[in-house]
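Structure first, then comments.
The values are calculated or read from the model by the stated rules, or taken from the named source; none is laboratory data. All figures in this text were calculated on a predicted structure; none of them were measured in a lab. As a convention, Cβ positions derive from the backbone with ideal geometry for all residues, glycine included, and neighbour counts pool all protein chains shown.
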Amino acid sequence: MHVVIVGAGAMGTCTAYYLSQRDNVRVTVFEKTNVACASSGKAGGFLWSEGDGNLSKKSYQLHAELAATLNGKEFYGYRGVDTYSVTMTNEEEADEGTTGNGNKKKAKKKVNDHVPWLNQHRVTHCDELGTKADTAQVHPYLFSLTVMTAAVATGNVTLKTGTGVARLMYSNDKQTVTGVVLDDGKQVEADRVVLCLGPWSQTFPLDKEEAAAVQEMNDTVLRRASSSSCSLPIESVRAHSIVMRVPKTSPIGAQALFTAILHHSKMHEPEIYPRPDHTVYMCGVQDRDVALPSSADQVQVDPQAIAILKELAPTLSDHLVADEEHMVAEQACYLPLSCDGSPLVGKHPSFNQLYVSAGHAVWGILLSPVSGLMMTELLAEGEIRCVDASLVSRLALDDRLG
């Protein structure tokens, strides 16, 4: 069986990996840019066994198994973390109190034992959300790259980067997908085709008429070409993040923080993920009013969004310095959101031999192993066995299109 996977993000790489462990399966992965070039490479990499219910529990277990098999601790920073919800403020009244004669003085607060590296005079509340037993992290780009490298090493997977897929090939009756047509016009036959395109699932043409419409559109920005019953119900939101380098002597430990901070009378909710390579990832500014570009290498950042994150960093902690010397990355990506909140994992109901894995929103890295295993079982065995049937039904594409 020859399987073509379109897209080499976390979904595509994990699907390729689990397929590579099967006999009599040959896989070709086509990626227009590079492995994990979009949200799979720019996410926080946070793993939580309770993140998305029972599906998360299975995927969290699979992450642990992959880390043991692929030496995730060394190759992609897999480790358990303690996770906290922290409320802070940057308002002047939080920094200063008032003496009896009306003069201002610095307020004193007890140092929080859980996160002593935060600016304690700004912390108003701190709750534990998880421990190293049920929350963990990976470096998402290195995770995706390691998994894909392992898949290719089996000899059963071929990775073609810099090669985009323009459209699908169909049988004469247009009921069955028979392969893909590359951007250069080359045709590649396949027994199964799996679309792992993240937010670009919403713009990928799923019939010849739609493909013709897409080709006539602007080369820079793509929008949905039709509202046919074949269209995938995926939307996108642009998310910004920065990565800062911290000294090896920094007291910042293996933690993940979900914060809420009142800053200039506006509430922000930055997430902070220190990494074992002495960098700190921070995200938290999103927007929905920017059109999805035609490919991941054309994603642009909003300078104002980056400026907000840079301003918030030292407000949260004196150990987070967002200047040019310490800045590693200023980036943005588009998160794929399904219209009903559940990922789409399964067979496309309108075409034989066409499958989809997309719409995982903020849980893409967490859910990529279980999504890859589910897709592998569906392709190789005809049914999904690794999770409960009720979950399979919730993720299926039937009655969710158009």
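Points to keep in mind about this one:
- Test result for VAL285, under 16 Å from CYS333 (Cα atoms), surrounded by 16 or more Cβ atoms within 10 Å (Cβ to Cβ) and not polar (S, T, N, Q): yes
- For the residues ASP183, ASP173, the requirement of being surrounded by fewer than 22 Cβ atoms within 10 Å (Cβ to Cβ) and without any contact (Cβ under 8 Å) to a residue 12 or more places away in the chain singles out ASP173.
- Those strands (runs of 3 or more DSSP E) of the stretch 19-71 in which at least 3 residues are within 17 Å of the chain's Cα centre (by Cα) and on the phi < 0 side of the Ramachandran plot, considering only elements entirely within it, cover 46-48.
- Qualifying residue in the stretch 321-334 (condition: surrounded by 18 or more Cβ atoms within 10 Å (Cβ to Cβ), farther than 20 Å from ALA8 by Cβ, out of contact with any helix residue (DSSP H, G or I) (no Cβ under 9 Å at 6 or more places or on another chain) and among the hydrophobic types (A, V, I, L, M, F, W, C)): no
- Filtered residues of the stretch 109-164 (kept if outside any loop (DSSP other than H, G, I, E, B) and of a type in the set (Val, Ile, Thr)): VAL123, THR124, THR135, THR146, VAL147, THR149, VAL152, VAL157, THR158, THR161
- When ALA307, ALA313, ALA256 are screened for being over 29 Å from ILE5 (Cα atoms), modelled with pLDDT of 95 or more and surrounded by fewer than 17 Cβ atoms within 10 Å (Cβ to Cβ), only ALA307 passes.
- Conditions (1) touching a helix residue (DSSP H, G or I) at 6+ places or on another chain (Cβ under 9 Å); (2) exposed (fewer than 14 other Cβ atoms within 10 Å of the Cβ); (3) modelled with pLDDT of 95 or more; number of the one not met by PRO270: (2)
- Annotation: MET374 fulfils all but one of (1) buried (at least 18 other Cβ atoms within 10 Å of the Cβ); (2) under 27 Å from VAL25 (Cβ atoms); (3) in contact (Cβ under 8 Å) with a residue 40 or more places away in the chain; the unmet one is (3).
- Pairs linking a residue in the stretch 22-44 that is at pLDDT 95 or above to a residue that is part of a strand (DSSP E or B) and aromatic (Phe, Trp, Tyr), with Cβ atoms under 7 Å and 6 or more positions apart or on different chains, are ALA38/TYR334; SER39/TYR334; GLY44/TYR273; GLY44/TYR281.
- Among the candidates ALA291, ALA329, residue that is touching a Lys or Arg at 6+ places or on another chain (Cβ under 9 Å), modelled with pLDDT under 95 and small (Gly, Ala, Ser): ALA291
- Every pair of residues 6+ apart whose Cβ atoms lie under 6 Å, when the first sits in the stretch 241-270 and is part of a loop (DSSP other than H, G, I, E, B) while the second is of a type in the set (Lys, Arg): ALA254/ARG79
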